[in-house]
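Just so it is clear, none of the values below were taken in a lab; they were calculated from the coordinates. Just so we're clear, the structure is a prediction, and the values are computed from it rather than from any experiment. Don't worry about glycine lacking a Cβ; one is built from the backbone with ideal geometry, like all the others, and counts go over all protein chains shown.
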Amino acid sequence: MPPQQNELLSCPPPPSGTVYVNDRVSFRSEGTQRVISVHGVVLAHYSVEDRAAEAYAMTTLWESEYATQTQIARAFGYSARSLRRYQERFAAEGIQALVRKPGRPAGRRSGGAQERGRDQTILHLKTKGVSNRAIAGKLGLSEKAIRKRLRRLGWQPQTEPTASGLLFEQDTTGDAAPSSEISENTIDIPKGAAAAAELRGGTHQGIEPASVSRDPNPLDRSMDRLLAAMGLIEDAAPVFAPAESLPRAGVLLAIPALVASDVLPVARQIYGSIGPAFYGLRTTLVAYILLALLRIPRPETLKEYAPADLGRIVGLDRLPEVKTLRRKLARLASRKASQEFGRELARRRIAERGRMMGFLYIDGHVRAYHGKHTIPKAYLTRTRLAVPGTTDYWVNDQKGEPLFVVTAEANAAMTRMLVPILEEVRNLTGPRRRVTIVFDRGGWSPKLFQKLLAMGFDILTYRKGRVRRIAEKRFVLRTAKLDGRPVKYLLHDQPVRFLRGKLRLRQVTRLTDNGKQTPILTSRWDLRDVVVAYRMFERWRQENFFKYMRQEFLIDALCDYQVEPDDPQRSVPNPARKAVDNELRKARARWNQLKQTYGDASLDYIEGRTPTMREFQAADKKIYREIQEAAERVAELAAQQNLLPLRVPLAEARPDQDLVKLSTERKHLTNVLKLVAYQIESDLVNLIRPHYARAEDEGRTLIQTVLQSTATLEPTDQELRVTLSPLSSPHRSQAVAALCENLNTAETRFPGTDLRMRFAVAGYPQ
């Protein structure tokens, strides 16, 4: 009887006991052993009773995006909550966190099935040539423990371990293919220390070498993902596929500026790596910065874009998606190194742009919080309200470009933050550089001015409080051309003294057309008055920077709603004194009102409007008694106020509340990366400025348009050619073509490769 069609097309039945997690992942248990396979290649092999190894295997499947939480939990018999808990432990502390606590559970005797199964696993792996360290990593034990077990088991080393044993564990049961068959259908694994350096992307003399992919198809990186899951690579190698009119590929124009920013070597210096992964440190940082430049500044927004298209831009089959990118950022934030990261980037920026450090602008930016926790409030200028939130203090150079950001403790005023910020500035600029600090009235304090001058800084700020008005005839018209722009002010210049004559400063007052007088204080006696006024009023650059970052880079957005314990001894304003202050203000207002009423009654009697003396005396006694009571109340509250301290520890101010504050580490890290993205954009604007007449007004808009444009990718063995689509008008396309020519002179290589980048605009020859 001839075979039927369904018989010809049928596949052999799977081995008994096979459980399919999804169409890619399956596992099979035989006796005490379990083998997990991905696309038919063994991913993990462990004892069924080894919960740590199983937790690690499940975490690997999830992080490598081979299966979803629900699929893994359902197949292995766990809850999704348990799976998330394993992942959180692994992300925070590594594989050791998955190992059970020291000691033996009650009722468990040594030498049980778990130990026997673990011993069998160790012997099995050793026969395959796996090193002690690799076995320890798989089982969640120390290398020393593996050595002790092998001695107890009487293990004698046979031959040198083979590289294939490190990657693939052949199943000795069932229908396993022979080793020769496996080697023909898999990749060639290089041997020795050189292979490890190649696969793990090691560095040499601070320069990251080009990594190598094991996938023949750039659009299918399954093998590299598998190698990453096995812990053999730290970052997937970028491999570019040819592409026509790839959306948003114009963002590759930012790569030369990104490389020049030194963000990658600095991150490598500070963080080292984030462990074996397909999306490693380099890929995570490049992806986040490019996404910010594409106006995708939050991982959650990635849901609206095709990850495959975004991945082709950076040489991957797909870009990390929302959960993956959030996990990577969380893992970096767990290192608590964002301050050091931002500090080193600022140091390098200052070394390149030292001429812009003469004037530094410092201002705070409040980020509001709308979560369920009770956190300290900060004054939000835009809404003119005190709202729960935290304040970031930004330091910008005299062109308005950001240098670094400091996340302040909750509700910390500028008067409290200026000293630590300037200590940081001094560490970055060196002891001899003369720097003038420009800030607004939030930093007003003559005693603080003395301290800043003693630190070697000059100051430039607005004068706070009531100031005697100057006769308009004493103002003089001053004109100058500063930063290429003509300026014109009506100014008056005079010396002023504070702190009983101990502090001598210079006051430059500007008169506007509507008669308003704006006094400016400075310690710079060497500058012309018009320069003093110009530098003070240039604070609008920093204000525009905040506005731009809010709108374009979402610096107000919270990365998460995580909170952390606050310092119970942190000094905060005394709430009891604040309540007394409010009562005292009301009492004084009442007192003043009564005195005014008494004065009005006296005038009525004097002018003869009160009919009789008796009526006035009656009213006089009543009002006088009320005035006396109001005065006594004011004196009582004033005495009570004097007994209360201005500031108290946080624990005393909030005795019945949880002492928590917003977690700042991850937010600070993302702020640093967005700062780098803004600097990259600024560098591109500066490069295009000589070729575009309207760069001052439209430069950023033009650069945004270029980065969002489509482009054609043509990879060769030595180059990555990026040809951008022409823009809407010839003069804009010509300006971009000139920018491309300028960038080509840098001979930039795409990070992680030896490919030299070449840029052009279609129809505009280089």
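Structure notes:
- Three-way shape label, the stretch 441-565, alpha-carbon gyration tensor, a/c 1.5: oblate
- Here the peptides 339-349, 438-448 are ranked by packing, the mean other Cβ count within 10 Å, and the order with the highest first is 339-349, 438-448.
- Taking the fewest neighbouring Cβ atoms within 10 Å as the starting point, the ordered list for S79, S682, S728 is S728, S79, S682.
- Calculated FRET efficiency for the pair Y548/R84, C-beta based, R₀ 45 Å, to 0.05: 0.75
- With θ taken as phi - 60° and the Karplus curve 6.51 cos²θ - 1.76 cosθ + 1.60 applied, the whole-hertz 3J(HN,Hα) list for the stretch 622-628 is 5, 5, 4, 5, 5, 5, 4 Hz, x standing for glycine and proline.
- For the stretch 412-463, the alpha-carbon radius of gyration amounts to 1.06 times the rule-of-thumb value 2.2 N^0.38 Å expected for a compact globular protein.
- Euclidean distance between Cα centres, the stretch 627-646 to the stretch 462-540, Å: 40 Å
- 16 Å cut-off, amide nitrogen to a point 7 angstrom out along R152 Cα→Cβ, residues in the stretch 14-55: 50
- A convex hull fitted to the Cα coordinates of the stretch 470-513 yields 93 cubic angstrom per residue.
- Under 5 Å, built H, 5+ apart or other chain: amide partners of L43: I36, S37, V38
- Among 510-523, 710-723, 220-233, the order from most to least packed when residues are scored by Cβ within 10 Å on average: 220-233, 710-723, 510-523
- Extension gain, E49 to K516, is 160.1 nm, computed as 0.36 nm per intervening residue step minus the present C-alpha separation.
- Chain lengthening between D697 and A638 when straightened (0.36 nm per residue, less Cα-Cα): 15.7 nm
- Computed on the Cα trace of the stretch 699-752, the radius of gyration divided by the Kirkwood hydrodynamic radius gives Rg/Rh = 0.98.
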